[in-house]
Amino acid sequence: MGLFSRFSKKRDAIVDEDEVLARLSANSELQRQRSHDERQRDIARATALKIDAIEAAMAADIFNDPEPPFRRPPRVDPPATAPVTGPVTEILVDDETENTAVVDEAALLYAGGHHDAAERLLAGAVRDDNQPPGLRDRTAWWMLFDLYQVLGKPDAFEDLAIDYASTFETSPPSWQPPARSDPYSGVAPTVQFAGVLDAGVETQAIRLRELAGAAALRLDFGHVHAVTAPGCALLLDALRAVSAQQELFLAGADDLIATVQATVEVGRRDDGAAPWLLLLELLRLLNREKAFEETAMDYCVTFEVSPPSFVAPPHAASAPRQAGAPATDRFMLPQVIEGHIAPLLAAIRDYAEHSAAVVFDCSHLMRIDTDAAHQLLACLRALADSRPVAFRDLNHLVAALLRRMGFGGTARLVPHRY
């Protein structure tokens, strides 16, 4: 596999001693040369973590305490004749925002399969928005980003990203590779890791191995803040037990990767190989071949053995950490929900009977039509009387439709973050 093809035939061969010494020497010189860049990256990482912490606190406040719907700017309390009811979405605009008519119309057009018309409407709204950058609502932008993803238009996505960065003076969204054409839908058992990843995670590791035969599995690492070598070894062994045919969803994997990376150092063997091997396995599961190869070379130099080979995962996907997300089994919604959906509703009711909360994972959901949405809402209104209901990782097109149709009074709507 590229850089490591020479290791594939002799996986356990010891690297030539002179070559290792030479690489160590070269690496030491390189480390000195890159010290300034490393300090800058550390500063950038610390800043990113601080931003994530602030966003997490804000999201927790939004969902733990009732408040008026989000709007830009300023916030004005709604009149007494129009009380706010039900959960509030994180980003969707309210009825007094100028772009609401465009957002609602684009959502309805998209739900009806009129993709080109929705694209023209959203593109026009983005182009004609003359508000100062600090006052502009971003919902139309986010909906257009999601539409380009659904339609498979990376060039249009990148053009919009340039305009977004220029307009809002912030990093734009990144293009995501297309999802599988036939992703799993149904109940996905969840195993959550939190706190310190140490010997105490043996219980989660055992459960992960027990679920190795499930069709789909969701692992949540978003609340891990420290790792130890024994904990890395336990998680690594459990991950290796997961079948390559399982559909695997990794939430907060980027956070765990950053935490593990902070514990390893080229040339230092104090904590053994487990953290390195866990880092390599996580990079492999996220299909990051370049980062895998770079880390594998550092591992090779440190332990003087050939590294694992990169094998692309067939059915793995990642999702960002979500503040306040419950550690519960989730129901994975299909890519498209339309027409008569009685079988889907029956599966949802069966899932709800065995769950304290109804949590939908919408990471695969691309579109739902209005007829199917009405059927789903009627079903959820009956379920919501006895348990909370939430839609997580919605794309912004579907989130706008559900808000427009009144789902906010029954369920919590959590669009994915840009």
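A few points about this structure:
- Residue tally, condition under 17 Å from the mean Cα position of the chain (by Cα), of a type outside the set (S, T, N, Q) and in a loop (DSSP other than H, G, I, E, B), over region 356-399: 4
- A Cβ distance below 7 Å, combined with a sequence gap of six or more or placement on separate chains, defines the contacts here; from region 286-302, residues that are closer than 20 Å to Pro178 by Cβ reach residues that are hydrophobic (A, V, I, L, M, F, W, C) and part of a helix (DSSP H, G or I) in the pairs Leu286/Ala253.
- The test for being in contact with a Pro (Cβ under 7 Å, 6 or more places away or on another chain), small (Gly, Ala, Ser) and assigned to a helix (DSSP H, G or I) does not hold for Ala156.
- Sole residue being crowded, with 16+ Cβ neighbours inside 10 Å, touching a residue at least 40 places away in the same chain (Cβ under 8 Å) and of a type in the set (Gly, Ala, Ser), chosen from Gly252, Gly231: Gly252
- Test: Asp146 is exposed (fewer than 15 other Cβ atoms within 10 Å of the Cβ), out of contact with any Asp or Glu (no Cβ under 8 Å at 6 or more places or on another chain), closer than 23 Å to Arg120 by Cβ and charged (D, E, K, R): no
- Looking across Arg387, Arg330, Arg349, one residue alone is in contact (Cβ under 8 Å) with a residue 60 or more places away in the chain and either surrounded by 15 or more Cβ atoms within 10 Å (Cβ to Cβ) or not aromatic (Phe, Trp, Tyr) (or both). It is Arg330.
All of the numbers you see were taken from the coordinates with simple rules; none came from a lab. Every value quoted in this text rests on a predicted model; they were computed, and no experiment measured them. Note: ideal-geometry Cβ built from the backbone for every residue, glycine included; neighbour counts use all protein chains shown.
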